[in-house]
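The structure under discussion appears below in the form of structure tokens.
The values are calculated or read from the model by the stated rules, or taken from the named source; none is laboratory data. What you see is a predicted model; the values in this text were computed from it and never measured. Here the Cβ is made from the backbone with ideal geometry for all residues, glycine too, and neighbour counts use every protein chain on show. When the accessible area is computed, the model is the full protein with side chains, heavy atoms only, and any ligands, DNA or RNA have been set aside. Shrake-Rupley method; radii C 1.70, N 1.55, O 1.52, S 1.80 Å.
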Amino acid sequence: MIDAALTFGFGAFGLALLMNLARLAKGPTLMDRVLALDTMVINVIALIILYGVKQGTAVYFEASLLLAMVGFVSTVALCKFLLRGDVIE
Amino acid sequence: MAELIVSALIVIGGFFGLVGSFGLLKLPDLMTRLHAPTKATTLGVGGVLVASMVYFSAVEGQISWHELMISLFLFITAPISAKMIAKAYLHVHKTPADLPPTGRPYGWSNFAAPPPDDEVLDGFPKAQAARREAE
């Protein structure tokens, strides 16, 4: 039963990633693209966790934690750059 | 039993992840679009993380705390990045003329300087004045 649920989860998050990609390509504003990238990072975290459950190992948590941090920092850096013209003043 | 819970949580998480990204694609403008991914995708990832927590607890016989750390981090950072995106959007794509009045003697924080500390105004600053008197 877990296998079926995992297949559904992979499909759902893969489709979600495709939708984010469509929003990333379509825009129309700059901030839409930043938001799409932020959402993509979150969906990839979910995919990595699901892959870890499928493989039955705990080594993928570090990867997803790192990705969560990098995604947050990059979103804030992009917003800060657009707000102030500089990331760290 | 654990298998059932894990499967249900993964399906719920996948569903909410899908709803969040569909909202991102379908809603009309950025301020409404901001709502879908920051709420539903965090719920989706939360469901998947709890599923993974239950799964590894059942397999290894002891609770694993990594997932709790990741979900805590995501729950803390999601509103911050949403706020930053909204603020940058107002700054880049809007002017003060586009925004509704604030209902206060000073303007939106993006465009107007903050009110001086020693100035007494209606609203909040009464508390400030009371605090000044107490000191």
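Side notes on the structure shown:
- Per residue, the convex hull around the alpha carbon atoms of chain A comes to 72 Å³.
- Loop chymotrypsin sites (Phe, Trp or Tyr not before Pro), the stretch B:37-89 (other Cβ atoms within 10 Å of the site Cβ: 14 or fewer; DSSP): B:65
- Once the C-beta distance of residue A:58 and residue B:5 is scaled by a Förster radius of 30 Å, the resulting FRET efficiency is 0.95 to the nearest 0.05.
- When each of A:26/A:80; A:80/B:87; A:80/B:39; A:54/B:39; A:26/B:39 is checked by Cα-Cα distance, pairs over 20 Å: A:26/A:80; A:80/B:39; A:54/B:39; A:26/B:39
- Remark: the protein assembly as shown projects, on average over all directions, an area of 16.2 nm² (convex hull of Cα atoms).
- Distance cut-off 19 Å, percentage of C-alpha pairs in the stretch B:19-89 lying past it: 45 percent
- With both labels modelled 7 Å from their Cα along Cα-to-Cβ, the residue B:63 to residue A:73 distance reads 3.0 nm.
- Per-residue shielding of B:15-23, expressed as the average number of other chain Cβ atoms within 10 Å of the residue Cβ, stands at 6.
- Shielding of peptide B:89-102 by partners, expressed as the average count of other chain Cβ atoms within 10 Å per residue Cβ, is 2.
- Accessible area expressed per residue, chain A, with surrounding protein chains retained (probe 1.4 Å, Å²): 48 Å²
- Helical content of the protein assembly as shown, expressed as a calculated mean residue ellipticity at 222 nm, amounts to -25000 deg cm²/dmol (DSSP H runs of 4 or more residues, -39,500 (n - 2.57) each, divided by residue number, nearest 500).
- Pairwise centroid distance, computed over Cα atoms, of the stretch A:47-89 with the stretch B:8-87, Å: 13 Å
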